[in-house]
1. Over the chain, with a Gaussian network built from C-alpha contacts below 10 Å, which listed residue (ARG39, ARG103, ARG21) shows the highest mean-square fluctuation?
2. Along the principal axes of its C-alpha atoms, what lengths does the chain span, in descending order and rounded to whole Å?
3. Within the chain, count lysine pairs with alpha carbon atoms under 18 angstrom apart where the residues are 8 or more positions apart or belong to different chains.
4. How would region 15-74 be classified by its alpha-carbon gyration tensor: rounded, prolate or oblate, with rounded meaning a/c under 1.5 and the a/b versus b/c comparison settling the rest?
5. Using modelled amide H (1.01 Å from N, peptide plane; none on Pro or chain starts), what sits under 5 Å from the amide H of SER37, excluding residues fewer than 5 places away?
6. Is there a quick way to get the dipole size of the chain? I mean about its Cα centre, with the Cβ of Lys and Arg at +1 and of Asp and Glu at -1; what is the value in debye to the nearest 20?
7. Grab the beta carbon distance between ALA53 and ARG137, set R0 = 25 Å, and tell me the FRET efficiency rounded to 0.05.
8. Between ALA114 and ARG102, 0.36 nm times their residue separation minus their Cα-Cα distance comes to what?
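No lab work stands behind these numbers, since they all come straight from the coordinates. Given the structure is predicted, the values throughout are model-derived calculations rather than measurements. Note that we place each Cβ from the backbone using ideal geometry, even for glycine, and neighbour counts take in every protein chain shown.
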Amino acid sequence: MKGCAFALAAAFSAEVGDFTRFRSGRQVTAYFGLAPSQRSSGGSVRLGGISGAGNALVRKLAVEGSWCYAAARHQPKLMPRDTGVPLEIRMHGRKGSERLLRRREEMLARGMPAAKANAATAAELVRWLWALGMMCREGAE
């Protein structure tokens, strides 16, 4: 995926360990502190910036990696064939990159500040990485 270099992939997989310990992408996002903070009182719920909980290194790498979508173009790239990664997983990663790029463009077109759009892109990038990890795990079984 665009934005996911070796450092992010290694740190993410080392921190997650067993991918099945998370039931959903939302749990992964919350675990790495990329979910919105929440202030609730009575019937009102107010969402703030990212919570900042969890592993700071992975969060920082994801946010830095998601900045590459600011300059990215809709040019499909596929991993080289000799990586040993099945085609289905490579195609899913490509689909994720396209989705992240499109969603970031939509957020910016609505007038969202670039830093906020980047944090949202980082949160979705982490969810896609978890989904790809789950696919790799299922393929290994």
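1. Among ARG39, ARG103, ARG21, the largest GNM mean-square fluctuation belongs to ARG39.
2. Here the spans come out as 54, 35, 24 Å, largest first.
3. Numbers: LYS2/LYS60; LYS2/LYS77; LYS2/LYS95; LYS60/LYS116; LYS77/LYS95.
So the count of such lysine pairs works out to 5.
4. oblate
5. Answer set, sorted by chain and number: GLY48, GLY49, ILE50, SER51.
6. Numbers: 22 positive and 11 negative charges, 96 e Å.
It comes to approximately 460 debye.
7. Values: r = 25 Å, r/R0 = 0.99.
After rounding to 0.05, the efficiency reads 0.50.
8. Values: separation 12, 0.36 × 12 = 4.32 nm, distance 1.40 nm.
Computed gain between ALA114 and ARG102 is 2.9 nm.
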